[in-house]
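Below you'll find the structure, written out as C-alpha cells, and then a few comments.
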Amino acid sequence: MPNQIWLSQLQKHRAIAVIRAPKIEVGQQMAMAVASGGMQLIEITWNSSRAGELITQLRSELPACTIGTGTLFNVQQLEEAIASGAQFLFTPHVDPAMIQAAQEEDVPIIPGAMTPTEIVTAWSQGASCVKVFPVQAVGGADYIKSLQGPLGQIPLIPTGGVTVENAKEFLQAGAIAVGLSGELFPKKLVTEGNWEAIASGARKLIQQLS
C-alpha cells in the first residue's frame with residue numbers, strides 16, 4: 001500500500017486498535033469486536049500468538065479493514081509479516097535497515113521514537129510516519145503539541161497512554177492518528193469474552209473522534 005493511501009486512511013479513521021493476543025482465537029474475537037464497533041485500522045502485534053496466521057485470517061474475514069502488525073524488531077520479522085499480508089508495520093525503535101526493507105516492498109513503516117532527534121532521524125530515513133511512544137510518560141498531548149512548531153510536517157501517531165477519553169486531545173494537538181491497546185481491551189472484558197462491551201468502547205471512540 002503506497003504511503004499516500006496509508007496517510008489518507010489515517011486521516012479518515014484517526015484511530016488504530018492494537019491487539020496483543022494471548023491466543024489466536026482470542027485475537028480473532030478482539031479484532032471482530034472493534035471492527036463491529038466501526039474501527040477499520042487494526043494492528044496485530046508480532047508477539048501475539050501465531051501473529052502471521054491471524055493477520056492472514058483477518059485479511060480475508062475483514063476485507064473492509066486495513067490489517068497491519070507491530071512490535072517488529074528486525075528485518076526477518078518484517079519480511080515474515082509482509083508475507084503474511086500485513087498492510088502496515090510498526091516498530092518500537094528506529095532501524096534504518098527495516099525502514100529500507102519496508103520501502104522496497106512499498107509497505108508503510110511507522111518506527112517508534114521519543115525525542116525530536118529520533119523522530120527526525122526516522123522521518124529522514126523514509127518512515128511513512130512516526131510513532132511517539134510512550135507518550136504519556138513525557139507529557140501526553142502537551143508533548144505532541146510542543147513538537148508541532150519545529151516538526152509539524154512529520155505525521156505523528158502517539159501510543160502508550162492514549163485512552164477513549166483523551167484520544168481527541170491528541171488529534172487536536174496535531175497527531176495524525178492515535179493507537180490504543182489495553183485501553184480498548186480491558187483485561188476483565190477480554191477474559192470474560194464480553195465482546196459487545198469492547199465493540200461498544202470502539203463505537204464510543206469513533207464517535208468522540210468524528
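Looking across region 174-203 at every residue that is touching a Pro at 6+ places or on another chain (Cβ under 9 Å) and within 23 Å of P108 (Cα to Cα), the one that is surrounded by the fewest Cβ atoms within 10 Å (Cβ to Cβ) is identified as I176.
Candidates in region 132-182 are the residues that are within 17 Å of K12 (Cβ to Cβ) and β-branched (V, I, T); of these, the one that is farthest from the chain's Cα centre (by Cα) is I176.
Could you please give the count of residues in region 91-107 that are open to solvent by less than 60 Å² (accessible area, probe 1.4 Å) and either in contact with a Leu (Cβ under 7 Å, 6 or more places away or on another chain) or over 28 Å from G149 (Cα atoms) (or both)?
Selection size over region 91-107: 6.
With respect to the conditions (1) open to solvent by 40 Å² or more (accessible area, probe 1.4 Å); (2) under 24 Å from L156 (Cβ atoms); (3) without any contact (Cβ under 8 Å) to a residue 40 or more places away in the chain, R14 falls short on a single one, namely (3). Taken over region 66-90, the criterion of being open to solvent by less than 20 Å² (accessible area, probe 1.4 Å), more than 13 Å from the chain's Cα centre (by Cα) and among the hydrophobic types (A, V, I, L, M, F, W, C) is satisfied by L78, A81. Within region 113-131, being under 22 Å from Q4 (Cα atoms) and free of Cβ contacts under 8 Å to residues at least 40 places away in the same chain holds for A113, I119, V120, T121, A122, W123, S124, Q125, G126, A127, V130.
The conditions of being farther than 22 Å from K188 by Cα, among the basic types (K, R) and either touching a residue at least 24 places away in the same chain (Cβ under 8 Å) or touching a helix residue (DSSP H, G or I) at 6+ places or on another chain (Cβ under 6 Å) (or both) are met by R50. Within region 130-151, being surrounded by 15 or more Cβ atoms within 10 Å (Cβ to Cβ) and assigned to a helix (DSSP H, G or I) holds for V135, Q136, V138, A141, Y143, I144, K145, S146, L147, L151.
The values are calculated or read from the model by the stated rules, or taken from the named source; none is laboratory data. None of these values were measured; they are calculated from a predicted model. Cβ coordinates were reconstructed from backbone atoms using ideal geometry, including for glycine residues, and neighbour counts include every protein chain displayed. Please note that ligands, DNA and RNA were not included when accessible areas were found on the heavy atoms of the full protein model with its side chains. Shrake-Rupley method; radii C 1.70, N 1.55, O 1.52, S 1.80 Å.
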